[in-house]
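**Q** Below: one structure in structure tokens.
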Amino acid sequence: MTDSSKSKKSSSNKLLVERRIMITAIVTPEFKTQTIADYESQIQSIDTLLEQLQSLAESNNDSDPNTQYQITNEIQTKTNEKNLLNEQLTILKSKHDGESFNVSVVNGQSSLNVGDDIRKKLGFVEVVIKDYKITDIRNAPLPSA
């Protein structure tokens, strides 16, 4: 076996994969006030951008169809973002102190090695925060077959 084939074999014993991580907050007055203000600010920024895009779409009505498509696509994307923020805002406003609030899902990475228990490595991960500080990291393995 050559040196290059040895390194190829050993490198295949480790794999870096993406996994989804749920960020959950325990609602507190400080968290609720700050997050509501953040959401409202983001919604206002999107509204401003949507007005600009709408104006651009109207002024470029006779322009290249690809440009019109890109503008229309961006309007739809920003409208969807705004709708999601409004949904999150409504949910958060209904929450009481001490309740859980699903902030977001983010992509993380996990290193897989030969011999690892795949259920533990790729199972559900939840990061719990309280006033923006991590208080717990919960791992739940994938169910066995």
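Please treat every number below as a calculation from the coordinates, not as lab data. Remember, it's a predicted structure, so these values are computed and weren't measured experimentally. Every residue, glycine among them, receives a Cβ derived from its backbone with ideal geometry; neighbour counts consider all protein chains shown.
**Q** Can you give the net charge of the other residues whose Cβ lies under 14 Å from the Cβ of residue 110, counting K and R as +1 and D and E as -1? Walk me through the numbers on the way to the answer.
**A** Working: positive: 14, 19, 20, 119, 120, 121; negative: 18, 116, 117.
Charge balance near residue 110 sits at +3.
**Q** Treating the angle as unsigned and between 0 and 90°, give the value, to the nearest 10°, between the Cα long axis of helix 29-59 and the longest Cα principal axis of the chain.
**A** 60 degrees
**Q** Strictly over 18 Å apart at the Cα level, which of 32/130; 32/93; 78/130 would you flag in this model? Working shown, then result.
**A** Working: 32/130 11 Å; 32/93 8 Å; 78/130 29 Å.
Among 32/130; 32/93; 78/130, the Cα-Cα distance tops 18 Å for 78/130.
**Q** Using a/c under 1.5 as the rounded threshold, could you call the chain rounded, prolate or oblate? The axes a ≥ b ≥ c are square roots of the C-alpha gyration tensor eigenvalues, and prolate needs a/b larger than b/c, oblate otherwise.
**A** oblate
**Q** In sequence order, what are the phi-derived ³J(HN,Hα) couplings for the range 129-135 according to the Karplus relation 6.51 cos²θ - 1.76 cosθ + 1.60 with θ = phi - 60°, rounded to whole Hz, with x for glycine and proline?
**A** 10, 9, 6, 6, 10, 5, 10
**Q** While we're looking at this one, here's another question. Give the relative contact order (percent, whole number) for the range 64-139; include only Cα pairs under 8 Å separated by 6+ residues.
**A** Details: 28 pairs, mean separation 10.2, N = 76.
Computed over the range 64-139, the figure is 13 percent.
**Q** Counting alpha carbon pairs within less than 8 Å and at least 6 residues apart, what relative contact order, in whole percent, applies to the chain? Walk me through the numbers before you get to the answer.
**A** Details: 177 pairs, mean separation 61.7, N = 145.
Once divided by the residue count of the chain, the mean separation gives 43 percent.
**Q** Further question: Give, as a single signed number, the net charge of other residues whose beta carbon lies under 13 Å from the beta carbon of residue 80, with Lys and Arg counted +1 and Asp and Glu -1. Let's see the in-between values first.
**A** Details: positive: 78, 82; negative: 74, 81, 87.
Summing Lys/Arg as +1 and Asp/Glu as -1 gives -1.
**Q** So which GluC sites (Glu not before Pro) in the range 20-115 pass both tests, a DSSP loop state and at most 13 other Cβ atoms within 10 Å of the Cβ?
**A** Numbers: sites: 30, 40, 51, 58, 74, 81, 87, 99; in loops: 99.
Filter output for the range 20-115: 99.
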